[in-house]
1. Out of segment 70-82, which residues are within 23 Å of residue 224 (Cβ to Cβ) and exposed (fewer than 15 other Cβ atoms within 10 Å of the Cβ)?
2. When segment 333-358 is examined, which residues are found to be more than 16 Å from the chain's Cα centre (by Cα) and either free of Cβ contacts under 8 Å to residues at least 24 places away in the same chain or within 25 Å of residue 203 (Cβ to Cβ) (or both)?
3. Look at residue 419 and say whether it is of a type in the set (Asp, Glu) and either within 17 Å of the chain's Cα centre (by Cα) or within 16 Å of the ligand (Cβ to nearest atom) (or both).
4. Name the single residue that is farthest from residue 406 (Cα to Cα) among those in segment 100-114 being near the ligand (Cβ under 10 Å from one of its atoms), outside any helix (DSSP H, G or I) and in contact with a His (Cβ under 9 Å, 6 or more places away or on another chain).
5. Could you grab me the full set of residues in segment 31-58 that are in a loop (DSSP other than H, G, I, E, B) and either hydrophobic (A, V, I, L, M, F, W, C) or buried (at least 16 other Cβ atoms within 10 Å of the Cβ) (or both)?
6. Residues in segment 235-248: is at least one assigned to a strand (DSSP E or B), within 13 Å of the ligand (Cβ to nearest atom) and more than 19 Å from residue 57 (Cβ to Cβ)?
7. Looking only at segment 157-168, which residues are at pLDDT 95 or above and farther than 17 Å from residue 339 by Cβ?
Amino acid sequence: MDQEKVLLSEKDIPTRWYNILPDLPAPLPPYLHPGTGKPLTPQDLAPLFPMALIEQELSSEKWIDIPDEVLDVYRIYRPTPLHRAVKLEKALKTKSRIYYKNESVSPPGSHKLNTAIAQAYYNKKEGVKRICTETGAGQWGSALSFACNILGLKCTVYMVKASYYQKPYRKSLMHIWGAEVHPSPTNLTKSGKSVLEKNPDSPGSLGIAISEAVEDAATHDDAKYSLGSVLNHVLMHQTVIGLETKKQLEMIGEKPDVLIGCVGGGSNFSGFCFPFVPEKLKGKNIRMIAVEPTACPTLTKGPYAYDFGDTEKLTPLVKMYTLGHDFVPEAIHAGGLRYHGAAPVLSLLVNQGVIEARAYSQNPAFEAGVLFARTEGFLPAPETNHAIKCVIDEAKKNEEKCIVFNFSGHGHFDLSAYDAYLEGKLEDFEHPESKIEQALKTLPKV
Ligand SMILES: Cc1ncc(COP(=O)(O)O)c(C=O)c1O
């Protein structure tokens, strides 16, 4: 192939999102009310989300139209390019063909904007004035700040404290787009105070930040909550990635053998892979590998069980792979992968054997990211490095395979992490079995 980039035109931006729920090989276990343990009703979610998103969360429609106003903002950066990683292939001396879908070209620098725009739009349409959210690495917070700014909403972000200080420039970006940003745990919410009482030096976690954002939204009438991953509607908004990738591969006559992405809550991986799942369920031989950090090995070491999405048990109970809702991962640089759970739909597909999972520690992941930057030029986000490490391992098998991965974001705000890696100062963390046993004890009895 002479072509190194496969480009679509703006008329090829998908006009519908793909909802995998009706195509799942087994029914999705229902969400349960955190107080009563009974299956959740749409009304239970109404204090947190606008009705349109609740309907999408529970919808059995296979395709959902993307509103024109959302497409209008998508056009700022979509469609995104599919690149062939020719120079990386050469460096690896592999017979495999490697492609990457470049979601780093959005203004905030990651895939997160695909759902941020949609969520801000539906909130605005239903009269919401302010959106509260959490952020790990700051990618989601900056994406939602951008979306709220462009659609005229206020945005409050609870940013995991470890990242707030490791990545001050993500916070600056959020400020530029008009958001209010707090290092979580804060003294502003009951949830935050309760964590600080137990551990004043808590580095924070996504689980804690979610509790704070949910509490803020639930206690203010004009505000709602927004989640950057995990939920069905979020994964569905991200399917624009996979739908475009499918079209791009078809344009050059390629069929993927292996699809790879990193997993925090599961949204970029799912949005990238789900449009290919129906073919796989019909017997096509496509491997799908979800990559996570060894410091937070939810899919590879956690049990598949009902658990809360947050530390303070404010969210519904969902069945997912989990390390326990009060698990606080080590402060690895891939802040966006530090989540104790994983999307229920992704978890179900892992449990059914449709999707494989693998874990890597941060030094090998950064080594892979640096090789990528030295060959392909783009500097990956630390989260994305985990996917690249897996791509490299697969390519080293030297098979004539088509490997495609999702380049979920750039690492321009993660240079201190790269410095630490280059200076040999990054620590690798394993999640010991004893901690898993401990986590199992905290799981709610359902
Ligand atoms: C660049 C990047 N990739 C991946 C992730 C992981 O999130 P998810 O699994 O929802 O895609 C994040 C989360 O912040 C991120 O910023």
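The values are calculated or read from the model by the stated rules, or taken from the named source; none is laboratory data. Given the structure is predicted, the values throughout are model-derived calculations rather than measurements. Positions of Cβ are generated from backbone atoms using ideal geometry, with glycine treated the same way; all protein chains shown enter the neighbour counts.
1. Taking segment 70-82 and keeping what is within 23 Å of residue 224 (Cβ to Cβ), we get 70-74.
Of everything in segment 70-82, just one residue is within 23 Å of residue 224 (Cβ to Cβ) and exposed (fewer than 15 other Cβ atoms within 10 Å of the Cβ), namely 72.
2. 353
3. Details: of a type in the set (Asp, Glu): yes; either within 17 Å of the chain's Cα centre (by Cα) or within 16 Å of the ligand (Cβ to nearest atom) (or both): no.
Here the answer is no, as residue 419 does not meet what is asked.
4. Top of the filtered list is 109.
5. Let us first name the residues in segment 31-58 that are in a loop (DSSP other than H, G, I, E, B), namely 31, 33-38, 40-41, 46-50.
Within segment 31-58, 31, 34, 40, 46, 48, 49, 50 qualify.
6. no
7. Here is the first cut: in segment 157-168, the ones at pLDDT 95 or above are 157-159.
Passing the criteria: none in range.
Residue-wise test of (1) part of a strand (DSSP E or B); (2) at pLDDT 95 or above; (3) closer than 17 Å to residue 160 by Cβ; (4) among the charged types (D, E, K, R).
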{"position": "285", "(1), (2), (3), (4)": "no, yes, no, no"}
{"position": "289", "(1), (2), (3), (4)": "yes, yes, no, no"}
{"position": "295", "(1), (2), (3), (4)": "no, no, yes, no"}
{"position": "299", "(1), (2), (3), (4)": "no, yes, no, no"}
{"position": "305", "(1), (2), (3), (4)": "yes, yes, no, no"}
{"position": "313", "(1), (2), (3), (4)": "no, no, no, yes"}
{"position": "318", "(1), (2), (3), (4)": "yes, yes, no, no"}
{"position": "327", "(1), (2), (3), (4)": "no, no, yes, no"}
{"position": "332", "(1), (2), (3), (4)": "no, no, yes, no"}
